[in-house]
Each structure stands twice: as C-alpha cells, then as structure tokens.
Amino acid sequence: MSRRGALGAVGAAGAAAAGLVWWRTSADGGSTPGAKAAASPSSAPSAPGASASPPAKRPVPPADPRRITAENAKNGSTAWKPGRGGAVRVGDDAAHQIKGYASATSVGAGGRIDFHVAVAPAAAYTVTVYRLGDYAGAGARRITASPRLQGAPGAPPALDEATGMLSCDWPVGWTLDVPADWTSGAYLAVFDDENGTRNYTVFAVRDDNRSADFLVVLPFSTYQAYNQYPSDGRSGKSLYYGFDENGKNAYPRRARKVSFDRPYMGDGMPTRFDLDQSAIAWMEKSGYDVTYASSLDLEEGRIDPSWYRALVFSGHDEYWSDRMRTAAEDALRAGVGQAWLTANNMYWHVRFEANARGAAARTMSCWKEDADPGASAQSAPTDMWRRIRRPEQEFLGVQYNGIVAAPTPLVVAQSGHWMWAGTGVRDGDTIRAVVGGEADGVESGVPTPQGVNQVLLSSTPYTLRSGARQVQSTSLYERPDGTLMFCAATFNWALALHHPKYKDERVQRATKNLFDRMRRA
C-alpha cells in the first residue's frame with residue numbers, strides 16, 4: 001500500500017488506540033513548584049465547530065519544488081528587525097505603547113486574518129507584514145503594509161479568577177486579505193506607531209492547495225504556554241508563572257488556562273522563536289521544498305500529512321493535545337517521516353476550547369499537578385504525558401531529561417552512520433555548544449518504540465542546574481517500512497543550522513543528509 005493510502009487506513013485505528021485511560025487519579029508524583037513538568041493526553045476538543053472526525057480526504061495536489069528557491073531570490077529587507085538602527089524602540093508591557101495579536105495562528109492563502117491592536121496613548125500606526133526566510137541573509141521580505149490607521153488604548157486583559165486566564169477583547173484594527181498566490185511561510189506582523197515604537201506578532205500562512213516534501217509545523221501551543229503577557233510585574237500569567245507581591249515570578253500564581261486572544265509578552269516575539277527562525281532560514285537557504293502550518297492546524301484537522309514526505313517540528317514543541325498526538329502517530333505509521341529539531345517535545349498534555357465568542361481552539365488548558373476539572377472517564381487530565389502512562393519516549397525514542405546549566409559540546413557517537421557522512425567526525429569528537437537549553441535522552445525503564453532500528457548519534461554528559469549529571473542522546477530510528485523519526489534532543493541543534501553564534505557545518509551536513517534521505521522516501 002502506498003504511503004498516502006496507508007494514512008487513510010490507519011486513521012480510525014489510531015484514533016481508537018489513542019483512547020487510553022492509564023492516567024493517575026490522585027495528585028501523586030506532582031512536580032516541584034517552578035520545575036519542568038509534562039503534559040498528559042488531552043481529550044478531544046470541546047470547541048464549537050470543531051470536527052469530531054477528520055475531514056474527507058482530498059486527492060494529493062501537485063507540488064512546486066522550486067517555489068522556495070524562487071521566493072528567496074527576491075529582495076529581502078532587514079527593516080523588520082527589533083530596534084533597527086536605534087531609530088525604532090521596542091514597546092513593553094508596562095507602558096504598553098503598541099501591542100497587537102492575530103485572530104488565528106494560521107491562515108490559508110486566499111483567506112483572511114484580523115489583527116487586534118491597542119496603542120497607548122492614542123496615536124496613528126501601521127501594520128507591515130514580512131515573510132521569514134533567508135533572502136540572501138536579510139532574514140525576511142517585506143510583503144505588504146496597512147494604510148495609516150488610528151489606534152486607541154485597549155482595555156486591560158480580563159482575568160478569569162478560577163483559572164488565572166487573561167484575555168483581551170480588543171477591536172479589530174486591521175484585516176489582512178491574504179492573496180491566493182502568497183508563498184506559505186512564517187510571517188511577522190510588525191506594529192509601528194507614529195512615535196517610533198514597535199511590537200510584533202507571528203502567524204503562519206498555509207497553502208491548502210499544494211503538497212511539498214516537508215511540512216514545517218510551528219509550535220504555537222508552546223508559544224502561548226510561555227506567554228506571560230502582560231509582563232508588568234503585577235498581572236501577567238503563563239502556564240508557568242504569575243507575579244508575587246514583589247514582582248517576582250511565582251509558580252503557584254500561574255494560570256491553568258491561557259488565551260490566544262492576547263499579545264505575546266515583551267517585544268511580541270514568542271519565547272524561543274529564535275529556534276524556529278534559525279531552522280527556517282537554513283531550510284529556505286538550502287532550497288528545500290517546504291510549506292508551513294501551525295500546531296493548532298493539527299488540533300483542528302486542517303493538515304493532511306499524506307501530502308508530505310515528512311513533518312518538521314522546527315522549534316520547542318512541548319504542549320500537545322491528544323488530537324495533535326494522534327495525528328503525528330498516524331502519520332508516522334503511514335510512512336510520513338518526522339524531524340524534531342530541538343528537545344523537550346510532546347511533554348505536557350493540553351486541552352483546547354472555544355473562546356467566549358465561540359471561536360474554536362482559542363483557549364488552552366493545562367492544570368499540571370493540580371486536579372483537572374475538565375478530565376472525565378473518557379479523557380485524561382492535562383498533566384505530563386509520562387504521568388498518564390503515555391511517555392513521549394515510546395513515540396519519539398527519547399524524552400526530556402533536564403535543563404542544561406551551560407552550553408556543552410555535543411559528543412559524537414556512531415560516526416559511521418549515514419547521517420554523519422561527509423562531516424568528517426569520529427566517535428568521541430565534540431561539536432561546540434550544541435547541547436544547550438534543554439536536552440533529551442533515553443530513560444531506563446521507559447518504553448521505547450517497538451520493532452524499529454534505533455541509533456543514538458551522540459552521547460553527551462552534561463550538567464543540570466542542580467549540579468547533577470545527565471546524558472543527552474540525539475536519536476534516529478527507522479521503522480521496518482523505512483520511515484524515519486529523528487529527534488535532535490537539544491535546543492541548540494536548531495541554532496547550529498543558521499544562528500551566527502552557533503552555526504556549525506557538521507550539524508548542517510548531518511541535517512542535510514537526513515532531509516535528503518527523507519525526501520527520497
């Protein structure tokens with residue numbers, strides 16, 4: 001059976017298999033306040049309008065393998081960069097100046113997306129849209145801009161006392177009608193007021209009428225989990241922290257639900273968006289046939305993985321619902337490869353709900369070690385996947401094992417493997433600062449994928465913040481049908497692809513070997 005045919009065949013079986021109820025019923029094993037925790041499998045979303053079953057399969061549309069090369073040959077611009085030349089100040093969450101958020105995490109080419117903007121004090125502003133890529137090193141291309149608009153202060157975010165969720169109900173400042181011929185990608189909306197203050201938000205443009213070798217899935221669920229807007233020392237909340245009386249981060253004051261109806265904190269760039277930016281720039285500079293989507297597109301069934309040879313998870317992708325995980329598991333079983341370019345992925349289980357206006361998947365729940373009032377006999381609590389007995393390692397091959405105290409050289413293993421071909425490395429060689437941020441390894445006693453050929457391409461001892469030691473292991477496994485699952489198992493692998501501080505030709509070549517093998521599948 002073909003890869004595309006197999007995907008449809010396994011869909012129903014995979015969904016049924018995902019309905020496991022092996023979760024804890026008491027608060028045992030709770031994480032230390034402020035420490036990392038993981039998500040549990042979530043129930044199907046309850047948002048009105050969310051489909052209870054996958055949409056009908058469509059024929060696989062044609063690809064355009066030269067489109068990314070042609071796009072990146074166009075003139076780029078560096079005018080998008082924060083604080084460019086000192087002439088533009090970046091707005092903050094205390095004075096507020098200018099802030100905005102998008103009505104969706106992604107929009108299909110030919111569709112429409114709204115931007116909700118607040119300006120304090122009231123002033124004129126513009127919204128300029130850039131597409132991220134390589135563009136001869138500029139990093140982005142200016143695509144379009146709004147007319148001069150008049151902005152006004154937005155209402156303070158409303159607080160839901162029971163969950164700590166903050167949401168903004170700001171009016172639409174500008175609506176972007178996305179032309180049907182726009183190239184799929186990661187896009188920035190840059191908000192500039194007439195006083196020289198700037199802020200950002202990011203969104204994806206999908207191409208729902210084109211297949212490609214690779215679908216890059218941007219981790220919007222994780223972006224929102226870390227979003228502590230407003231970062232004002234008083235009211236902001238993320239799934240990690242709120243503020244105490246002294247303006248310090250306090251784990252007990254975190255939110256249990258977060259809303260997508262609010263700006264990102266600080267300059268508006270999501271936390272660790274640099275990982276995605278580095279991977280995107282490398283893929284597009286390399287000319288790979290890529291298209292883009294949001295992690296919430298997996299949740300809402302807008303992605304048909306059979307259109308692609310592999311899924312690429314370019315950034316830190318920690319927060320996953322059951323529907324998202326089922327989509328990834330079904331895709332792998334059907335022969336769609338996966339490349340996870342960072343670490344600490346698929347760690348927390350979340351549940352999505354509609355917002356007060358009925359827009360689907362605009363609220364995300366993750367109660368962690370607290371009792372989850374949304375859990376039922378048919379659904380798992382929003383806790384760590386490993387605590388509900390669906391550890392991420394049984395799918396990914398490795399799982400999160402710590403925060404790296406300081407960037408550490410990656411120690412090469414299995415240097416004779418094809419993925420290291422052309423790099424010149426030998427076993428025991430080191431690659432500077434590649435193990436950083438967070439790391440994964442193989443945890444003893446935890447299930448690993450069955451019937452696969454797994455190879456660990458690194459074995460790197462590193463130091464945790466506590467002073468304890470752990471081992472990072474970059475992993476690649478191959479299923480009997482030849483489908484590949486790669487996990488870089490460190491944040492800095494993505495940075496080593498293009499970031500000027502971390503870029504390394506050996507990591508670039510190894511990743512090229514992987515991508516070239518996947519696109520021949």
* For the range 246-265, which residues satisfy the criterion of being without any contact (Cβ under 8 Å) to a residue 24 or more places away in the chain and either open to solvent by less than 20 Å² (accessible area, probe 1.4 Å) or in contact with a helix residue (DSSP H, G or I) (Cβ under 7 Å, 6 or more places away or on another chain) (or both)? -> Ala250
* Which ones in the range 101-142 are among the charged types (D, E, K, R) and in a strand (DSSP E or B)? -> Arg112, Asp114, Arg131, Arg141, Arg142
* Could you tell me whether any residue of the range 287-296 is open to solvent by 10 Å² or more (accessible area, probe 1.4 Å), out of contact with any strand residue (DSSP E or B) (no Cβ under 7 Å at 6 or more places or on another chain) and modelled with pLDDT of 95 or more? => yes
* Might you let me know whether the range 211-230 holds any residue that is in contact (Cβ under 8 Å) with a residue 40 or more places away in the chain, under 18 Å from Pro157 (Cα atoms) and among the acidic types (Asp, Glu)? => no
* To do: Give me a count of the residues in the range 138-197 that are of a type outside the set (S, T, N, Q), within 30 Å of Pro373 (Cα to Cα) and either under 22 Å from the mean Cα position of the chain (by Cα) or open to solvent by 40 Å² or more (accessible area, probe 1.4 Å) (or both).
  => 10
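Consider the range 171-208. How many of its residues are assigned to a loop (DSSP other than H, G, I, E, B), on the phi < 0 side of the Ramachandran plot and in contact (Cβ under 8 Å) with a residue 60 or more places away in the chain? Don't jump to the end; show me each part of the working.
Our first condition is that a residue be assigned to a loop (DSSP other than H, G, I, E, B); within the range 171-208, this holds for 171, 178-184, 194-196, 207-208.
This time we only want the ones that are on the phi < 0 side of the Ramachandran plot, so: 171, 178-184, 194-195, 207-208.
Narrowing further to those that are in contact (Cβ under 8 Å) with a residue 60 or more places away in the chain: 178-184, 194-195, 207-208.
The total comes to 11.
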* Structure fact -> Val117: passes all of (1) open to solvent by 40 Å² or more (accessible area, probe 1.4 Å); (2) closer than 22 Å to Leu176 by Cβ; (3) at pLDDT 95 or above; (4) in contact with a strand residue (DSSP E or B) (Cβ under 6 Å, 6 or more places away or on another chain) but (1)
* Structure fact -> Of (1) crowded, with 23+ Cβ neighbours inside 10 Å; (2) out of contact with any Asp or Glu (no Cβ under 7 Å at 6 or more places or on another chain), Ala356 satisfies every one except (1)
* Structure fact -> Within the range 374-419, residues under 19 Å from Leu341 (Cα atoms), open to solvent by 10 Å² or more (accessible area, probe 1.4 Å) and part of a helix (DSSP H, G or I) come out as Glu394, Phe395, Trp418
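The values are calculated or read from the model by the stated rules, or taken from the named source; none is laboratory data. Remember, predicted model here, so these are calculated numbers, not experimental data. Cβ atoms come from the backbone with ideal geometry, glycine included; neighbour counts cover every protein chain shown. For the accessible areas, the whole protein counts, side chains as well, though only heavy atoms, and no ligand, DNA or RNA atoms are used. Shrake-Rupley method; radii C 1.70, N 1.55, O 1.52, S 1.80 Å.
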